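Following: one structure in structure tokens, then a few remarks.
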Amino acid sequence: MDINNVKSRYFIQLAYKGTRYHGWQTQPDTLTVQAELNKALSIVLKEEIETTGAGRTDTGVHARFYIAHFDTVRKELDKEKTLLYQLNSILPNDIAVYNIVSVPHTAHARFDALSRTYEYVITTVKDPFRLEFAYLYHNNLDVPLMNRACRILKHYRDFASFSKVNTDVKTFHCNIMEARWTQEDHQYIFTIQSDRFLRNMVRAIIGTMLEIGQKKIELDQFRKIIETKDRNAAGRSVPPHGLFLVDIKYPAHIL
């Protein structure tokens, strides 16, 4: 084996504004974050680079913290001081790279992730400087009641009722570790942490909880919605532009 051709693996930390993109994952004839990152890395490293992301984000969803991994023949890449500058010079303004870290060759951005955390922002005031990143919603919400619904969520594992239909997942089981609503001035913020998420899951949960917050759905009804495992039983999905992936946890020996 030629030791010079043995590839090293790296985790790359980035953030992106999802407004223009059809999500993270590369798709034919569509603009995606992964395709832009692959292109920039390939140009800078002068070899064909294919990244693997921590998971999909839907069209229009943002990420303040995202991790992908890639392999390259370059050694000690994380010590090259100009690399981040070069990548950020090539990438569009709505994607930024913050760090590149050497990891074990078996480390996997998706499968080794212990949890992912999302935040959804709702504003009750029309603010032209925030509306691109927050859902304008004028109805008053009962936050303590919605937090009681959050506690109910953590008692369940099967969330088929909040999943996009016709997906290729093998299971609808997720371990929700944290879910809570907070109110700050004119904003409602929903935070949820889980080992994995189904497509459209967070937005469908929020849409259903908004009906709870308006007292259109009772807590017993919420339990039944989850137990039916039927997407038609749950509320509508809220728009994607208020949703942010904000954290991904990995074992300490990886990141």
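The values are calculated or read from the model by the stated rules, or taken from the named source; none is laboratory data. From a predicted model like this one, the values you see are computed outputs, not experimental measurements. When we count neighbours, we look across all protein chains shown, and the Cβ atoms used for this are built from the backbone with ideal geometry, even at glycine.
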Q: State whether one or more residues within the stretch 99-109 are of a type in the set (S, T, N, Q), farther than 30 Å from S237 by Cβ, touching a Lys or Arg at 6+ places or on another chain (Cβ under 7 Å) and at pLDDT 95 or above.
A: no
Q.
Kindly evaluate V169 against the criterion of being under 25 Å from A63 (Cβ atoms), of a type in the set (A, V, I, L, M) and either in a helix (DSSP H, G or I) or touching a Lys or Arg at 6+ places or on another chain (Cβ under 7 Å) (or both).
A. no
Q. Could you say which residue among T123, T167 is assigned by TED's automatic domain parsing to the domain that holds D220, out of contact with any helix residue (DSSP H, G or I) (no Cβ under 6 Å at 6 or more places or on another chain) and modelled with pLDDT of 95 or more?
A. T123
Q: For K215, indicate whether it is farther than 19 Å from V61 by Cβ and loosely packed, with under 14 Cβ neighbours inside 10 Å.
A: yes
Q: Please work out if R56 is at pLDDT below 95, surrounded by fewer than 16 Cβ atoms within 10 Å (Cβ to Cβ) and either at positive phi or not assigned by TED's automatic domain parsing to the domain that holds M177 (or both).
A: yes
Q. Going by the conditions given, is T30 β-branched (V, I, T), surrounded by fewer than 20 Cβ atoms within 10 Å (Cβ to Cβ) and assigned to a loop (DSSP other than H, G, I, E, B)?
A. yes
(Q) Considering only residues that are of a type in the set (D, E, K, R) and under 23 Å from R236 (Cβ atoms), which ones fall in the stretch 155-167? (A) D158, K164
**Q.** Filter pass, V73 being touching a His at 6+ places or on another chain (Cβ under 7 Å), of a type in the set (V, I, T) and farther than 30 Å from C174 by Cβ
**A.** no
Q. When you scan the stretch 61-89, how many residues do you find that are closer than 30 Å to R203 by Cβ and modelled with pLDDT under 95?
A. 0
Q | Options R130, R151; residue that is surrounded by 15 or more Cβ atoms within 10 Å (Cβ to Cβ), among the basic types (K, R) and more than 15 Å from E211 (Cα to Cα) | A | R130
Q: Return a yes/no flag: does the stretch 234-251 have any residue that is surrounded by 14 or more Cβ atoms within 10 Å (Cβ to Cβ) and of a type in the set (D, E).
A: yes
Q) Inside the stretch 26-45, can you point out the residues that are under 17 Å from F70 (Cα atoms) and either at pLDDT below 95 or of a type in the set (A, V, I, L, M, F, W, C) (or both)? A) T26, V33, A35, L37, A40, L41, I43, V44, L45
